[in-house]
1. In degrees between 0 and 90, to the nearest 10, how far off the longest principal axis of the chain does helix 3-21 point, with axes built from Cα atoms?
2. What do you get for Rg/Rh over the chain if you use C-alpha atoms and the Kirkwood form of Rh?
3. So what's the angle, to the nearest 10 degrees on a 0 to 90 scale, between helix 148-160 and the longest Cα principal axis of the chain?
4. Rank the residues L50, L184 as a footprinting-exposure proxy: fewest other Cβ atoms within 10 Å of their Cβ go first.
5. So what's the gap between the Cα centers of the range 33-96 and the range 148-226, to the nearest angstrom?
6. If each residue of separation counts as 0.36 nm, what is the full-extension length gain between D27 and A104 once their alpha-carbon separation is subtracted?
7. Cut-off is 10 Å between beta-carbons; in what order do D27, D188 appear when sorted fewest neighbours first?
8. Counting each DSSP H run of 4 or more residues in the chain as -39500 (n - 2.57), what helix-only mean residue ellipticity at 222 nm follows after dividing by all residues, to the nearest 500 deg cm²/dmol?
Amino acid sequence: MTYSIIMHRIVFIFLFSSSIFADPVPDFIEALNSAPFATSTPANDPDGWLMAHVDAETTGLVPGYHEMIDVGIVMTDLEGNELDRLFLRIMPNHPDRAQPGAVAVNGFSVGRWNELGFNTPLQAVRKIVDFHHRVARNKHVLFVGYNAWFDISFLDHLFRDQGSSWRALYHYFVLDLPSMAWSLGIKDLAGQEMAAKLGIEPETTNPLEHTGITGAESNVSAYRALLRIKYEKSGTSQ
């Protein structure tokens, strides 16, 4: 047997073995195939874009260990005009991981969620997807949050646990409200102080009333205020 034949057989065996033992591609990675491809930008096609102002309440601060217990979404156009909204309570798979600090903010308990009604994580993902397609239709959507990495990280884990991906709904650029405010010289980070600087009503701190939808509403108010400041500084009107 010649050297070249031996080497070809070794390569074939290596490739065959690699294909057998290769890790399977997770469903949430396969879901990226349905992610929309943007052929325009909000600058050159403002009517073709929307904004999803999202706020999530959770059982703690660590995405992937702690979980979402509710989510609020307010869909607007680029000027902050509301088109529709969605609010969902979600029963986490591991309620025992809830941190006292988180519960003090959002009032979560298994008993209270049983009383108020809730969605399973799978039901929540399906309802978010249905809401998105019903409201956005064929438009591109930007995810907007207050400390946006936090909300998008929890949404990412919610979706991937169900074999889905949030990227099938939202553009991969994620917008952060405190970053927008920072660019205008407002360097407050906490919501209460930010609201005072923007001249808007702060979000409630009552844990029995503080939810994802009150957070999303507050985010929209902050976005509108930032637009107002921008227009005032530039001497233009909306």
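Here, each number is a calculation from the coordinates, and none is a lab measurement. Given the structure is predicted, the values throughout are model-derived calculations rather than measurements. Heads up, the Cβs are rebuilt from the backbone with ideal geometry, glycines too, and the neighbour counts pull from every protein chain shown.
1. The answer is roughly 40 degrees.
2. Values: Rg = 22.2 Å, Rh = 19.9 Å.
Computed over Cα atoms, the ratio is 1.12.
3. The angle comes out near 50 degrees.
4. Working: L50 21, L184 13.
Ascending Cβ contact count within 10 Å gives the list L184, L50.
5. 9
6. Values: separation 77, 0.36 × 77 = 27.72 nm, distance 3.52 nm.
Computed gain between D27 and A104 is 24.2 nm.
7. Values: D27 12, D188 15.
Fewest to most other Cβ atoms nearby, the residues stand as D27, D188.
8. On the way: 9 runs with 104 residues, N = 238.
My calculation for the chain gives -13500 deg cm²/dmol from helical runs alone.
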